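Trainee: To start, I am sharing the structure in question, which I have written as structure tokens.
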Amino acid sequence: MTYLETVAQFYSAVAQAPQAGLCCVQSSPLNWLPELKIPQPMQEMNYGCGSTLHPQELVNQPTILYIGVGGGLEALQFAYFSRRPGAVIAVEPVAAMREAASRNLEIAARENPWFDPSFVDICPGDAFNLPVADASVDIVAQNCLFNIFTPEDLTRALQQVHRVLKPGGRLQMSDPIATRPVPPHLQQNERLRAMCLSGALTYQEYIQRIINAGFGQIEIRARRPYRLLDCPTYNLEQPLLLESLDSVSFKIPVPADGACVFTGKTVIYTGPEDAFDDNAGHILQKGIPAAVCDKTAAQLLALLPEKIIVTDSTWHYSGGGCC
Ligand SMILES: C[S@@+](CC[C@H](N)C(=O)[O-])C[C@H]1O[C@@H](n2cnc3c(N)ncnc32)[C@H](O)[C@@H]1O
């Protein structure tokens with residue numbers, strides 16, 4: 001049996017006997033949008049490790065391709081913002097999971113007067129062969145699935161996402177990452193991998209694979225503790241902390257000097273002039289923090305080491321500037 005077959009078998013089982021708490025984290029603020037009621041069976045199948053919903057990305061009724069539907073919770077949340085037939089295309093290889101999501105969405109329609117199940121189109125298919133045309137969707141989202149894949153399969157999945165997104169389109173993901181490389185004996189454990197506990201890459205490797213697939217800009221929207229792998233249970237010499245990372249990656253060309261990764265850093269020009277212009281698109285007003293990507297922060301610091309302060313990553317970036 002391949003590891004992907006083990007994964008499918010695992011998710012078939014948890015579609016039929018839900019495991020509340022399998023992947024979830026404590027905060028999922030978008031469960032409480034006005035007039036949005038999440039059915040109880042859908043809540044019990046929240047197998048996401050963060051959120052891929054960012055309301056600022058969801059204006060103008062975008063078309064969303066959702067990979068790995070689970071119990072349908074995020075598909076329903078996306079439909080909240082795109083209220084039209086077929087707005088959310090949910091791709092799911094596991095028949096029992098497709099059936100569970102369909103059932104849950106029928107309940108959602110009874111509990112939410114604004115929702116019609118036709119808003120979500122649940123299709124058989126998988127992350128390696130997305131059943132939509134090139135450059136046809138505005139947003140692709142996946143929550144707590146890509147971390148399950150081996151690094152080579154992650155690259156294949158990211159290439160598929162890049163293929164189906166329109167130019168400028170966005171990949172919205174939430175995945176566990178590891179604070180140090182996961183040791184081989186855990187990586188090779190297919191059940192732990194299926195449970196989103198042992199396939200995680202380090203932050204650097206995860207981000208680099210997104211860039212290598214052709215995404216020129218990445219924004220980190222949240223980074224929080226996810227699970228601690230302890231020594232006796234996981235046969236480790238030191239406990240290993242996993243984190244959950246919410247990101248949005250844009251299908252724009254990768255700049256010649258490298259991708260722009262926004263992690264919430266700002267640069268502050270300390271004077272003596274009123275402003276500093278690097279003639280590369282950054283005008284810094286004295287004393288006013290300017291949100292920049294990590295690459296620009298490093299470049300500006302190298303340029304003016306005595307006159308620039310770079311603040312730490314907040315891991316919570318959602319656009320810059322107030323003036
Ligand atoms: C951890 S669950 C996450 C479910 C959902 N995103 C959520 O947040 O609740 C992973 C989902 O991906 C599905 N899946 C497994 N292998 C897949 C593949 N190769 N391509 C697409 N989906 C897959 C599983 O059946 C399951 O529904």
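Trainee: Given the criteria of a type in the set (Phe, Trp, Tyr), under 25 Å from His54 (Cβ atoms) and touching a residue at least 60 places away in the same chain (Cβ under 8 Å), does Phe262 qualify? Show your work before the answer.
Mentor: Details: of a type in the set (Phe, Trp, Tyr): yes; under 25 Å from His54 (Cβ atoms): yes; touching a residue at least 60 places away in the same chain (Cβ under 8 Å): no.
So Phe262 fails the test.
Trainee: Hey, could you check region 85-114 for residues that are in a loop (DSSP other than H, G, I, E, B) and within 18 Å of Ala141 (Cβ to Cβ) and say which is farthest from the ligand (Cβ to nearest atom)? Explain how you work it out, then say what you get.
Mentor: Narrowing region 85-114 to residues in a loop (DSSP other than H, G, I, E, B): 85-87, 92-94, 112-114.
In the following step, the residues that additionally are within 18 Å of Ala141 (Cβ to Cβ) were identified as 86-87, 92-94.
Numbers: Gly86: 19, Ala87: 17, Glu92: 6, Pro93: 5, Val94: 4 Å.
In this case the residue turns out to be Gly86.
Trainee: Quick check on my filter: what residues within region 53-71 are more than 8 Å from the ligand (Cβ to nearest atom) and of a type outside the set (Asp, Glu)? Can you show your working first?
Mentor: Applying the first criterion (more than 8 Å from the ligand (Cβ to nearest atom)) to region 53-71 yields 53-65.
Within region 53-71, Leu53, His54, Pro55, Gln56, Leu58, Val59, Asn60, Gln61, Pro62, Thr63, Ile64, Leu65 qualify.
Trainee: May I ask you to list the residues in region 256-287 that are within 20 Å of Tyr317 (Cβ to Cβ), charged (D, E, K, R) and surrounded by 13 or more Cβ atoms within 10 Å (Cβ to Cβ)?
Mentor: Lys265 - this is the single residue of region 256-287 that is within 20 Å of Tyr317 (Cβ to Cβ), charged (D, E, K, R) and surrounded by 13 or more Cβ atoms within 10 Å (Cβ to Cβ).
Trainee: Taking Thr63 as meeting all but one of (1) at pLDDT 95 or above; (2) hydroxyl-bearing (Ser, Thr, Tyr); (3) touching a helix residue (DSSP H, G or I) at 6+ places or on another chain (Cβ under 8 Å), write down the number of the exception.
Mentor: (3)
Trainee: Name the residues in region 115-140 that are in a strand (DSSP E or B) and either within 13 Å of Ala75 (Cα to Cα) or within 13 Å of the ligand (Cβ to nearest atom) (or both), would you?
Mentor: First, pick out the residues of region 115-140 that are in a strand (DSSP E or B): 120-123, 126, 129, 137-140.
Correct list: Val120, Asp121, Ile122, Cys123, Asp126, Asn129, Ile139, Val140.
Trainee: Where in region 143-230 are the helices (runs of 4 or more DSSP H), entirely inside, with at least 2 residues that are β-branched (Val, Ile, Thr) and touching a residue at least 24 places away in the same chain (Cβ under 8 Å)?
Mentor: Values: elements: 151-164, 184-187, 190-194, 203-212.
Passing ranges, in order: 151-164, 203-212.
Trainee: So Phe81 fits all but one of (1) within 11 Å of the ligand (Cβ to nearest atom); (2) under 22 Å from the mean Cα position of the chain (by Cα); (3) not polar (S, T, N, Q); what number is the exception?
Mentor: (1)
Trainee: Within region 112-124, does at least one residue satisfy the condition of being more than 19 Å from the chain's Cα centre (by Cα), in the same structural domain as Lys37 (by TED's automatic domain parsing) and either crowded, with 24+ Cβ neighbours inside 10 Å or of a type in the set (A, V, I, L, M) (or both)? Outline the logic, then answer.
Mentor: Of all residues in region 112-124, those more than 19 Å from the chain's Cα centre (by Cα) come to 112-124.
Subsequent filtering for residues that are in the same structural domain as Lys37 (by TED's automatic domain parsing) retains 112-124.
In the following step, the residues that additionally are either crowded, with 24+ Cβ neighbours inside 10 Å or of a type in the set (A, V, I, L, M) (or both) were identified as 120, 122.
Checking region 112-124: at least one residue is more than 19 Å from the chain's Cα centre (by Cα), in the same structural domain as Lys37 (by TED's automatic domain parsing) and either crowded, with 24+ Cβ neighbours inside 10 Å or of a type in the set (A, V, I, L, M) (or both).
Trainee: Which residues, taken from region 125-154, are surrounded by 13 or more Cβ atoms within 10 Å (Cβ to Cβ) and more than 28 Å from Ser244 (Cα to Cα)?
Mentor: Val132, Ala135, Ser136
The values are calculated or read from the model by the stated rules, or taken from the named source; none is laboratory data. All values derive from a computational prediction rather than experimental measurement. Backbone-built Cβ (ideal geometry, glycine too); neighbour counts: all protein chains shown.
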